[in-house]
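Chemist: Sharing a structure below in structure tokens format, with a few things to ask.
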Amino acid sequence: MILEVNDIEKSFGGIKALDGVSVSIENNTISGLIGPNGSGKTTLLNTVSGFLAPDKGTVYFGGKDITSLPPFQVSRLGMTRTFQITRLFRGMTVLESMLLASKTQDDGLFPVFFNRKKLMETERRDVQKAVEILDFLEIEHMKHEYAVALSGGQQKLLSLGMALMADPRMVLLDEPVAGVNPTLANKIFEKVMLEKEKRTFLVVEHNIDILMNFCDIIYVMNKGRIVASGTPDEVQRNETVIDVYLGG
Amino acid sequence: MFLTQLVINSVVTGSIYVLIAIGLTIVYRVLKFANFSHAELITFGAYMAYIVNVSLGMDLFYGALAAFLLTGALGIATDRLVFKKLRKNGSNVISMMIASIGIGLVLRQSIQEKWGPNQVWYDIETRTFEIFGGSITEMQVYIILISIALILILHFMFTRTKLGKAMRGVSDNPQLAMASGIDTEKILLWVWFIGGGLAGIGGVFRGADTRLVPLLGWEIILSAFAVVILGGIGSFYGAIIAAYILGFAENFGVSILSDLSISTGYRPAIAFMILIIVLIVRPSGIMGKKEAA
């Protein structure tokens, strides 16, 4: 198990956004997380990635307790994420954004003065890696454009690229194909499939058809709880799931 | 030549404004509030250099160095003691701004308690050079050269170092920066250190070019705000251009005022005349919107 979420609770005011959620995710799988709006999917992602501290429960990542670590530490431990509403560095080019998402350089100013040679070497390797990823995602030709100049679909690809840049063991994707045309949506998931042998994915997505095609396991949330889980086939036949989506 | 002198004075004025405005703008860019206590960081820096230069009898160069380091540290201290706590509480930018005015008041009064309300001077030699019919002091040459050097260093930092890019990232989209593994609180420390340090150096320049009074920072902070808005709020390069524009506008403006027999007491108003015109004609400032760093 690479990710183990145990009995997480999170309330906002009087509302329980997460009401005892437990999830176990195996290495090198793609897991889908579905559920109606407000069912707690993004809250779960935010809690796992450190953006929200849970009121109760634990999160283990690769056997390490990451329950209340800040987001940057979770990211440095090898779990990166994208956001539902695509977040970009507006003032930066595609390549600059990618480089900022790498974790090989230190934040301080001292290496600039005292360790320039090593710095130049890592910079060169980072650029090479960024270009490879951009090439893989088919947006390499846009590398010198400002991130905001990309189309909506390309921005989604860049977000994915930034999440991959740190060579993470696990990636959380929050609606990676929302608002993207079906052809490109499939392409994005095909890219994720190709990465599966190297890492693990947890994907929140409203496009259930696409999840059914690409996921190994699907979790269904409703009102802050996991109400069903299983292979796409199992979930599709599950009565509760049909209720959640059709009967509410 | 009178014109040469005006140009020299303008460049000196611009060089004093530029570091102060850059400090103000990088703090604004990341924290999104107008930090009025920047005025007292300027004054604090000037007096720190006074201790080194006059009380300890060392060269003003060391005074400027001390001003940079100590004012940077004071910037960090104001953040840790006040602004960070407000951030954690989710206070809005207006509360932050009001708090900064409060911090400024306390600092200003403390400086006045320590050094008194009267003006004091650095212990510096005033060699004067003649160029193209104008005169410039040795100190003014240093002010211009050090400003340019610091601008180049900052440009290098923002464009070439991970720290500078991380600062841009944090100001651009803090959530994404965190998700990218950037320790935003650590970056904020650097922002305050560099922003405060630049204010401190600016204070030393102003003190060396005129004199030291507890209101030193307050006298120029509004011009610095004008520079920041003129350049496009949060724009590094815009602030640089705007600082020199304002330097020229104030000096030439004063010359025109006296030719027209109007009181030169209107000098501080010139910045705002320009500011208002720019806001009407080009609300986002010279380098607003499209600018990156």
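Derivation of every value follows stated rules applied to the coordinates shown; laboratory data play no part. If you're wondering where the values come from, they're calculated on a predicted model, not measured in any experiment. So basically every Cβ, Gly included, is an ideal-geometry build from the backbone, and we count neighbours across all protein chains shown.
Chemist: What number, in percent, do you get for the relative contact order of segment B:60-212 if the mean sequence gap of Cα pairs under 8 Å and at least 6 apart is divided by its residue count? Mind dumping the intermediate values first?
Modeler: Values: 110 pairs, mean separation 71.0, N = 153.
Normalised by residue count, the contact order of segment B:60-212 is 46 percent.
Chemist: Could you pull out every residue, at least 5 positions away or on a different chain, whose amide H is within less than 5 Å of the one on A:Phe83? Hs are placed 1.01 Å off N in the peptide plane, and Pro or chain starts have none.
Modeler: Close amide H contacts, sequence-distant or interchain: A:Asp174.
Chemist: Give me, ordered by chain and number, the residues 5 or more places off A:Asn28 or on other chains with an amide H under 5 Å from its own placed amide H.
Modeler: For A:Asn28, whose amide H was placed from the backbone, the distant partners under 5 Å are A:Thr200.
Chemist: Tally the DSSP beta bridges in the protein assembly as shown and give the antiparallel ones as a percent, rounded to 5.
Modeler: Values: 26 of 42 bridges.
Around 60 percent antiparallel, to the nearest 5.
Chemist: Count charges around A:Arg199 for me, please; just the other residues with Cβ under 14 Å from its Cβ, Lys/Arg as +1, Asp/Glu as -1.
Modeler: Details: positive: A:Arg81, A:Arg169, A:Lys191, A:Lys196, A:Lys198; negative: A:Glu26, A:Asp167, A:Glu195, A:Glu197, A:Asp216.
Surrounding charge for A:Arg199 is 0.
Chemist: Give me the net charge for the shell around A:Glu26: Cβ to Cβ below 15 angstrom, other residues only, Lys and Arg +1, Asp and Glu -1. Don't skip to the answer; put the middle values down first.
Modeler: Values: positive: A:Arg169, A:Lys196, A:Lys198, A:Arg199; negative: A:Glu4, A:Glu197, A:Asp216.
Neighbour charge sum, excluding A:Glu26 itself: +1.
Chemist: Give me, ordered by chain and number, the residues 5 or more places off A:Leu33 or on other chains with an amide H under 5 Å from its own placed amide H.
Modeler: Amide H neighbours of A:Leu33: A:Val203, A:Val204, A:Glu205, A:Tyr219.
Chemist: Follow-up. How far is helix B:2-31 tilted, in degrees, relative to the longest principal axis of the Cα atoms in chain B, given as a value from 0 to 90 rounded to the nearest 10?
Modeler: Between helix and principal axis, roughly 10 degrees.
Chemist: Would you look at the GNM of chain A, springs on alpha carbons closer than 10 Å, and say which of A:Leu77, A:Leu44, A:Leu194 moves the most?
Modeler: A:Leu194
Chemist: Suppose the chain between A:Ser151 and A:Asp216 were pulled fully straight at 0.36 nm per residue; how much longer would it get relative to their current alpha carbon spacing? The partial results should precede the final answer.
Modeler: Values: separation 65, 0.36 × 65 = 23.40 nm, distance 2.99 nm.
In short, 20.4 nm is gained.
Chemist: Could you compute the FRET efficiency for B:Ser284 and A:Glu9, with r as their C-beta to C-beta distance and R0 at 41 Å, rounded to 0.05? Spell out each step's value before the answer.
Modeler: Values: r = 45 Å, r/R0 = 1.10.
The value I calculate is 0.35.
Chemist: Please give the length that would be gained between A:Asn37 and A:Tyr60 if that part of the chain were fully extended, namely 0.36 nm times their separation in residues minus their C-alpha to C-alpha distance (nm, one decimal). Spell out each step's value before the answer.
Modeler: On the way: separation 23, 0.36 × 23 = 8.28 nm, distance 2.63 nm.
Result: 5.7 nm gained on full extension.
Chemist: Got a sec to turn the phi values of segment A:200-214 into Karplus ³J(HN,Hα) couplings, 6.51 cos²θ - 1.76 cosθ + 1.60 with θ = phi - 60°, whole Hz, x for Gly and Pro?
Modeler: After applying 6.51 cos²θ - 1.76 cosθ + 1.60, I find 10, 10, 10, 10, 8, 7, 8, 6, 5, 4, 5, 5, 4, 6, 10 Hz.
Chemist: Additional query: Taking the Cα centre of segment B:18-216 as origin, sum charge times position over the Cβ atoms of Lys and Arg (+1) and Asp and Glu (-1), and report the length of that vector in debye to the nearest 20.
Modeler: Values: 17 positive and 12 negative charges, 186 e Å.
With Lys and Arg at +1 and Asp and Glu at -1, about 900 debye.
Chemist: Please report how many Lys pairs in segment B:18-216 have alpha carbons closer than 24 angstrom, counting only residues at least 8 apart along the chain or sitting on separate chains.
Modeler: Step by step, the pairs that qualify in segment B:18-216 add up to 13.
Chemist: So, one more: Using the number of other C-beta atoms within 10 angstrom as an exposure proxy, rank B:Ser10, B:Ser55, B:Ser110 with the fewest first.
Modeler: On the way: B:Ser10 20, B:Ser55 10, B:Ser110 13.
With the fewest neighbours first, B:Ser10, B:Ser55, B:Ser110 line up as B:Ser55, B:Ser110, B:Ser10.
Chemist: May I pose another question? Putting +1 on Lys and Arg Cβ atoms and -1 on Asp and Glu Cβ atoms, find which of B:Leu69, B:Leu19, B:Ile103 reaches farthest to the positive end of the dipole of segment B:18-216.
Modeler: It is B:Ile103, whose Cα lies furthest towards the positive end.
Chemist: What fraction of the DSSP beta bridges in chain A is antiparallel, stated in percent and rounded to the nearest 5?
Modeler: Working: 21 of 37 bridges.
Beta bridges within chain A, antiparallel portion: roughly 55 percent.
Chemist: Ok, one more. With +1 assigned to the C-beta of every Lys and Arg and -1 to the C-beta of every Asp and Glu, and no other charges, what is the dipole magnitude of segment A:89-165 about the Cα centre in debye, to the nearest 20? Mind dumping the intermediate values first?
Modeler: On the way: 10 positive and 11 negative charges, 42 e Å.
With Lys and Arg at +1 and Asp and Glu at -1, about 200 debye.
Chemist: Between A:Arg237 and B:Ser91, what is the spin-label point distance in nm, taking each point 7 Å from the Cα along the Cα→C-beta axis?
Modeler: Modelled inter-label distance: 6.0 nm.
Chemist: Which residue, chosen from B:His38, B:Thr4, B:Ser147, occupies the Cα position most advanced towards the positive end of the dipole of chain B, where the dipole is computed from +1 (Lys, Arg) and -1 (Asp, Glu) charges on Cβ about the Cα centre?
Modeler: Sorting the options by dipole projection puts first B:His38.
Chemist: Within 10 Å of each Cβ in B:151-164, how many Cβ atoms from other chains are there, averaged over the peptide?
Modeler: Neighbouring Cβ atoms belonging to other protein chains average 3 per residue here.
Chemist: On C-alpha positions alone, give me the angle between the axis of helix A:182-195 and the longest principal axis of chain A, in degrees, nearest 10.
Modeler: That works out to roughly 70 degrees.
Chemist: While we're here: Would you work out the relative contact order for segment B:165-247, in percent, from Cα pairs under 8 angstrom that are 6 or more residues apart?
Modeler: Working: 42 pairs, mean separation 11.5, N = 83.
Computed over segment B:165-247, the figure is 14 percent.
Chemist: Now for a separate question. Show that you can apply the helix-only estimate: for chain A, add -39,500 (n - 2.57) for every DSSP H stretch of four or more residues, divide by all residues, and state [θ] at 222 nm to the nearest 500. Let's see the in-between values first.
Modeler: Details: 10 runs with 92 residues, N = 248.
About -10500 deg cm²/dmol.
Chemist: For the pair B:Thr126/B:Leu3, report the inter-label distance in nm, with labels modelled 7 Å from Cα in the Cβ direction.
Modeler: About 2.8 nm, to one decimal.
Chemist: Kindly provide the helix-only [θ] at 222 nm of chain B, computed as the sum of -39,500 (n - 2.57) over DSSP H runs of four or more divided by all residues, to the nearest 500 deg cm²/dmol?
Modeler: Details: 12 runs with 211 residues, N = 293.
Computed mean residue ellipticity for chain B: -24500 deg cm²/dmol.
Chemist: Residue by residue through segment A:220-226, which ³J(HN,Hα) values in whole Hz follow from phi under the Karplus form 6.51 cos²θ - 1.76 cosθ + 1.60 (θ = phi - 60°), with glycine and proline marked x?
Modeler: Each residue of segment A:220-226 in turn: 10, 10, 8, 6, x, 10, 7 Hz.
Chemist: I've got another one for you. May I ask for the angle, rounded to the nearest 10°, between helix B:216-231 and the longest principal axis of chain B, with both axes built from Cα atoms and the value confined to 0 to 90°?
Modeler: Tilt of helix B:216-231: around 70 degrees.
Chemist: Under the definition of Cα pairs under 8 Å and six or more residues apart, what whole-number percent is the relative contact order of chain A?
Modeler: Working: 456 pairs, mean separation 68.0, N = 248.
Relative contact order here is 27 percent.
Chemist: Now a separate question. Suppose every K and R has +1 on its Cβ and every D and E has -1 on its Cβ; what is the size of the dipole of the protein assembly as shown about the Cα centre, in Debye to the nearest 20? Write down the numbers at each step before the final one.
Modeler: Numbers: 48 positive and 47 negative charges, 98 e Å.
The dipole magnitude comes to about 460 debye.
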